[in-house]
Amino acid sequence: MKTEHILIIRFSAMGDIAMTVPVVEALAKQYPHVRITVLSKPFAKVFFEELAPNVGFMGADIKGEYKGVKGLNALYRRLSAKNFTAIADLHNTLRSKYLRMRFNLNRNRVEHINKHKNGKRRLTSQHNKILEQQPTSFENYADVFQKLGYPIDPHFVSIFEGKTPDFSALPIDLHEKPSGQKWIGIAPFAAHHGKIYPLNLMEEVIKLLSERNDIRIFLFGGGKAEKIQLNEWAARYACCTNASSKLEGLYDELMLMSQLDVMLSMDSANMHLASLVNTPVVSIWGATHPYSGFMGWNQSMQNVIQTDLPCRPCSIYGKTPCHRGDYACLTSIKPETVVKKLLQAVGL
């Protein structure tokens, strides 16, 4: 009997890849006899190496080594040698469609994600907007496995569940937490302007939190300009640590996030990273909306901060320029509102 071996394809942004983890883990645990290989960007390996033993990872640089049709053909040859019995395309873009086509020609079982674009188009329409919950990414991913003959009941707590990471390896001492002190992570950035709470208002949030003596803040952000901003805040406020400048890589950040009492994030990758380690997230939504299906795994709508405006949401990914020109969806959110929600989340 041929060994069942599923190839899962998902490239794209960090948050989208992170959202596959709960579904992949559920698939692996409910079908322990099935081998699973996740094909993604090389950095994503950290998301999957702590999962069930039947989950493997294969990194592919589709903008470098496997660029263009020639590169994709080389990647397909590498993949076809592994004799997959089923292909799950969780991406459904030009590159994954090409790989899918090659597998189809080879008579493999192939299924792909339904992104429900029509529903999302109605959700973001300027006219005749229909504000209703769209299927979540987790549901869309699970549907692909259902069609392949692997129905799953997603149950996921943390990538560290049942494990004890080596916190002593971190350059930040996690044994320093005084009794009663709450640790808050703040990830103030996102890929697009329509998802970023104004930095002057975010600094006011930090200032208000810093006036308490029972709060320690860890700042997260990876870009060069982002690190400059975070370093300025860390220098200005004694309770702040720029975690991203001290930690060495994504795994370290996940370890620290697992020890936070709450994470404050935009609709961005850090919301999903904190979700993977079972940390509550207070999330700020501007041009985008939780109804689009991109809320973090197991996160509560009670911790969502958003403004009710007739134009919201205007974008699925935050790219759309503000129709009003003032980004009122973000600028109208008061720092006091954010602080109150954070303190409620940590029980203060």
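Okay, here's what the table says:
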| quantity | calculated |
| --- | --- |
| Sequence-distant aspartates and glutamates (8 or more away, or on other chains) whose Cα lies within less than 17 Å of Lys117 | Asp16, Asp89, Glu132, Glu139, Asp143 |
| Over the chain, volume per residue of the alpha carbon convex hull, in Å³ | 147 |
| Accessible area (Å², per residue) of region 148-289, counting only protein heavy atoms and a probe of 1.4 Å | 40 |
| For the chain, calculated [θ]222 nm from helices alone, where every DSSP H run of n ≥ 4 adds -39500 (n - 2.57) | -10000 deg cm²/dmol |
| Three-way shape label, region 283-348, alpha-carbon gyration tensor, a/c 1.5 | oblate |
| Rounded, prolate or oblate (a/c below 1.5 giving rounded, otherwise prolate when a/b exceeds b/c) for region 40-189 by Cα gyration tensor | oblate |
| Charge dipole (region 1-153, unit charges on Cβ, about Cα centre) - positive-most of Leu51, Asn104, Gly119 | Asn104 |
| Mean accessible surface per residue for region 309-348, computed with a 1.4 Å probe while every protein chain stays in place, in Å² | 53 |
| Where region 30-132 is the region considered: accessible area per residue in Å², 1.4 Å probe | 56 |
| Heavy-atom accessible surface of region 1-118: percent carbon and sulfur, 1.4 Å | 50 |
| Estimated FRET transfer efficiency when R0 is 56 angstrom, pair Gln181-Leu105 (beta carbons, to 0.05) | 0.40 |
| Environment charge at Leu208 (Cβ cut-off 11 Å; Lys +1, Arg +1, Asp -1, Glu -1) | 0 |
| Cα-based shape type of region 103-225, given that a ≥ b ≥ c are square roots of the gyration tensor eigenvalues and the cut on a/c is 1.5 | oblate |
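The values are calculated or read from the model by the stated rules, or taken from the named source; none is laboratory data. Since we're looking at a predicted model, the values are computed, not measured. We place every Cβ from the backbone using ideal geometry, glycine too, and count neighbours over all the protein chains shown. Note: accessible area is taken over every heavy atom of the protein model, side chains too, but ligands, DNA and RNA are not part of it. Shrake-Rupley method; radii C 1.70, N 1.55, O 1.52, S 1.80 Å.
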